[in-house]
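Peer 1: Would you mind keeping the following structure in view while I ask a few things?
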Ligand code: NAD
Ligand code: IPM
Ligand code: MN
């Protein structure tokens, strides 16, 4: 039987609570489609850091490299500074495995009330394609004391032609496969002097290679307003690392809850494992209570199956999520206005996956 080797990193906070139900869903869908998973669990987290001074062991990347994919919960928890935990685990994985695409769907699901008036499922349905290995996320720079004694920092953003072109190309290739081939670029070339005019130049050049695709571009400030005022106008939105990070929380916020949003950190060349995780973090405010919504993690499992070449199994998971959300007596976690627990929600999705 075909067996996928998965590295499972529950991580911190609610990561530990939403990963197990998603593994149950994976087992159920594998049984139905005749493949299997072998799960290798790694308990790397802020707890590990407190005990060992490292978020992952020195050979962590080599150990992960042995797997077909990485399934991650969330990283970061009070007690360890966020830039230490994230630059000790999540960000090194994205970089070591050249997962330069962070693909994040924004979709209004049935059964989740939209905070915008009058929107139905189908009205909001687009992709954020986020650059995931360079840009504003960098360790270049440092702290200084200026001659007048004032303290200062410099934080350098790096945009390479290769890194910019490959994310733009991914966005255009994705748009080619959609009913409405349309790419929107997130820019800020009026205020940011070097990187964003460069981004615009590369975008215009790439657009020239895809004459059938409609394009537009907006500065990030007005783009955030348009996400709220007219989200139905978007199909593929391509953005630098930081702008994409912001847009991929804003999009799900506009569709009712960030807790359902999934993401795929992809190495499109498949030279390295890709990583699948929800958009949300470790939610310290609700961690330990068993009430986190597992849908973002479960939808991430569906994206992982698409990537692993099992798209029917992926589609089955997504349709099970939609079926459960539409049932009038469906379990609902508190973020969706209900009183259900994580496990109950997970079980309901497993049941639908099992019975088909
Ligand atoms: P967060 O996404 O963890 O939480 C934001 C809000 O959304 C909180 O009120 C939380 O309770 C709620 N929420 C998030 N996921 C939920 C779920 N599944 N069900 C119900 N409610 C949910 O963002 P934050 O508070 O900014 O970050 C907390 C920690 O997580 C920080 O250490 C941060 O750096 C880290 N973080 C990690 C990742 C990641 O691993 N990819 C992503 C974002 C944040
Ligand atoms: C995300 C997260 C991370 C990011 C943080 C935790 C470093 O917000 O995956 O969106 O900014 O990439
Ligand atoms: Mn984020």
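Peer 1: Which shape class applies to segment 2-116: rounded if a/c is under 1.5, otherwise prolate when a/b exceeds b/c and oblate if not, where a ≥ b ≥ c are the square roots of the Cα gyration tensor eigenvalues?
Peer 2: Since a/c reaches 1.5 but b/c is at least a/b, the shape of segment 2-116 is classed as oblate.
Peer 1: Classify segment 156-299: rounded, prolate or oblate, from the alpha-carbon gyration tensor (a ≥ b ≥ c, eigenvalue square roots; a/c under 1.5 rounded; otherwise prolate if a/b is larger than b/c)?
Peer 2: It comes out prolate by the Cα gyration axes.
Peer 1: Under a crude label model (7 Å from the Cα following the beta-carbon direction), how far is residue 355 from residue 270 in nanometres?
Peer 2: Taking the two extended label points, one gets 3.6 nm.
Peer 1: Once you order the gyration tensor axes a ≥ b ≥ c over the Cα atoms, which shape class does segment 262-347 get: rounded for a/c under 1.5, otherwise prolate or oblate by comparing a/b with b/c?
Peer 2: Taking the square roots of the gyration eigenvalues as a ≥ b ≥ c, segment 262-347 is oblate.
Peer 1: Here is a follow-up. For every helix of n ≥ 4 consecutive DSSP H residues, a contribution of -39,500 (n - 2.57) applies; sum these over the chain, divide by its total residues, and give [θ] at 222 nm rounded to the nearest 500 deg cm²/dmol.
Peer 2: -12000 deg cm²/dmol
Peer 1: Grab the beta carbon distance between residue 153 and residue 50, set R0 = 25 Å, and tell me the FRET efficiency rounded to 0.05.
Peer 2: 0.40
Peer 1: Let me ask you something else. Pulled fully out, how much extra length does the chain show between residue 169 and residue 84, if you take 0.36 nm times their separation in residues and subtract their Cα-Cα distance?
Peer 2: Working it through step by step, the gained length comes to 27.4 nm.
Peer 1: If you count the DSSP beta bridges with both ends in the chain, what percent of them are antiparallel, to the nearest 5?
Peer 2: Antiparallel: roughly 45 percent of the beta bridges in the chain.
Peer 1: Another question about this same structure. Relative contact order for the chain using alpha-carbon pairs under 8 Å, separation at least 6, rounded to a whole percent?
Peer 2: 23 percent
Peer 1: Compute the FRET efficiency between residue 221 and residue 161 as 1/(1 + (r/R0)^6), taking r as their Cβ-Cβ distance and R0 = 30 Å, and round to the nearest 0.05.
Peer 2: With a Förster radius of 30 Å, E is 0.70.
Peer 1: Something else: Separation between the residue 61 and residue 39 pseudo-spin-labels, each 7 Å from Cα along Cα→Cβ, expressed in nm?
Peer 2: Taking the two extended label points, one gets 2.7 nm.
Peer 1: For the pair residue 198/residue 329, report the inter-label distance in nm, with labels modelled 7 Å from Cα in the Cβ direction.
Peer 2: Inter-label distance under the simple model: 6.0 nm.
We did not get these values from a lab; they are worked out from the coordinates using the rules stated. Just so it is clear, the model here is predicted, and its values are computed rather than measured. Note: ideal-geometry Cβ built from the backbone for every residue, glycine included; neighbour counts use all protein chains shown.
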